[in-house]
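The values are calculated or read from the model by the stated rules, or taken from the named source; none is laboratory data. Owing to the predicted nature of the structure, the values given are computational and were not obtained by experimental measurement. Backbone-built Cβ (ideal geometry, glycine too); neighbour counts: all protein chains shown.
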Amino acid sequence: MAEGVLEIEDSNFEAEVLQSEKPVLVDFWAPWCGPCRAIAPVVEELAGTFGDKIKFTKCNVDDNPVAPGKFGIKSIPTLILFNGGDIVDKVIGIVAKSKLEEMLNKV
Amino acid sequence: MKKVDYDLVIIGGGPAGLTAGLYAARARLNVILLEKVVPGGQVVATDWIENYPGFPEGISGPDLVQKMTAQVQKFDLNIETNAAISMDLSAAIKKITLSDRVITTHAIIIASGAFPKKLGVPGEDTFYGKGVSACATCDGPFFKDRVVAAVGGGDTAVQESLFLTKFAKKVYLIHRRDQLRAEAILQERALANEKIEFLWDSVLTGIQGLTDVEKISVQNLKTGDTKEIAVDGCFIWVGILPNSEFLPEDVELDQYGFIKVDANMQTSVAGVYAAGDVRSTPLRQIATAVGDAAIAVFSAEHYLQNVKV
């Protein structure tokens, strides 16, 4: 399955993100965060375009405190691109789709 | 002669741009709205709005944006995610360079809004996203039972500081004057809130920490004394700057870079209008932005009737 954004949790973060064979984008978000709601459709659109080569995931920081804590997240939305368990790039806040495309083209 | 792509191009999808889009779509103009990120503008980061009429209980910023967007979609407004890079306004038919192509239009409404100003103090950039923020609705809940500082004294600073008290155990509100500029009702609430401690006549001079914000330096302007305060976060609301980098020199700006307009929202260039936070105005509210936009479309329609013969 190439399209869609997979909901991930603390329990499967290691397996789905850090151990993933494909590069992974994680969208750290929360229901109370207006800008997170605003950027979600953009991430979904990008999943349609880049879904073949990158796994798109989202992590609710309210329900899953461990992963955001590990990566020092104190501001959302934060989008982190992982490859082979390492951070390739990170974007904090709402940014233009073109900037996200630029990031996704790094892997 | 080559066909002109549009009657009207609206730049920006905040309350001003969406209102301009609503009026233009209903006027059956050949219009496109360009939004470089997502519709909503600064309202997306506003937790609660109580001074926009029609919502007696108040409404959240994202919910208001959703309603405004749904309303323009009902009238089939053409919205494109794209950024204006530059403009050529030297001829009656204006050219706008986008990220992927050049479009032509008779009229333009600039509703590109503004963004939060930085203070320019040491540590502000280093700790952005690590405790430094301009968005309480994005980051406030990360400071549950923590201590935070907020800088500013206007509506945004006071409204958002009140929002922070829902999470933080203490909010230091740092303001360079001895009284707030915010709406009286917001001042009353803030002054009555036990979690807010005011640091009057004071300025933030630095933000320090190892990996995340740990403390701030605050100078009292009257005594000249500087003290350090331990905080986990620092929110900065000291005004805004216009999104006007794509404008050519023909468009006259005020001394702060906001666009000068006349009573018809026309800029110094015929057929080019400005609305909302990007224009030079004494008050920047959702209510004023939508009013500006309605006038701008009305003016643009008159202009189009004269040029499109």
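The figures follow:
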{"item": "Qualifying residue in the range A:4-11 (condition: buried (at least 17 other Cβ atoms within 10 Å of the Cβ), of a type in the set (A, V, I, L, M) and within 14 Å of chain B (Cβ to nearest Cβ))", "result": "no"}
{"item": "Members of the range B:64-90 found to be surrounded by 15 or more Cβ atoms within 10 Å (Cβ to Cβ), within 19 Å of the chain's Cα centre (by Cα) and not aliphatic (A, V, I, L, M), listed by number", "result": "B:Q66, B:T69, B:T81, B:N82"}
{"item": "Residue selected from the range A:97-107 under the condition within 11 Å of chain B (Cβ to nearest Cβ) and surrounded by fewer than 17 Cβ atoms within 10 Å (Cβ to Cβ), by the criterion modelled with the lowest pLDDT", "result": "A:S98"}
{"item": "Residue satisfying all of: in the range B:58-76; farther than 23 Å from B:C138 by Cβ and assigned to a loop (DSSP other than H, G, I, E, B); farthest from the other protein chains (Cβ to nearest Cβ) among these", "result": "B:F75"}
{"item": "In the range A:47-62, residue surrounded by the most Cβ atoms within 10 Å (Cβ to Cβ) [restricted to those that are among the hydrophobic types (A, V, I, L, M, F, W, C) and under 11 Å from the mean Cα position of the chain (by Cα)]", "result": "A:C59"}
{"item": "Of residues in the range B:92-121 being in contact with a Ser or Thr (Cβ under 8 Å, 6 or more places away or on another chain) and in a loop (DSSP other than H, G, I, E, B), the one modelled with the lowest pLDDT", "result": "B:S99"}
{"item": "Residue under evaluation B:L204, criteria (1) in contact with a Ser or Thr (Cβ under 6 Å, 6 or more places away or on another chain); (2) more than 14 Å from chain A (Cβ to nearest Cβ), criterion not met", "result": "(1)"}
{"item": "Residues of the range B:243-279 classified as surrounded by 24 or more Cβ atoms within 10 Å (Cβ to Cβ) and basic (K, R), total", "result": "1"}
{"item": "Elements of type strands (runs of 3 or more DSSP E) contained in the range B:198-280, each with 3 or more residues being touching a residue at least 40 places away in the same chain (Cβ under 8 Å) and within 30 Å of B:N306 (Cα to Cα)", "result": "B:272-274"}
{"item": "Residue list for the range A:48-96, restricted to those being closer than 12 Å to A:V107 by Cα and either small (G, A, S) or within 13 Å of chain B (Cβ to nearest Cβ) (or both)", "result": "A:G84"}
{"item": "Residue match in the range B:210-233 (condition: at pLDDT below 95, within 19 Å of the chain's Cα centre (by Cα) and surrounded by fewer than 16 Cβ atoms within 10 Å (Cβ to Cβ))", "result": "no"}
{"item": "Residue satisfying all of: in the range A:31-47; more than 7 Å from every other protein chain (Cβ to nearest Cβ) and among the small types (G, A, S); nearest to B:C138 (Cα to Cα) among these", "result": "A:A40"}
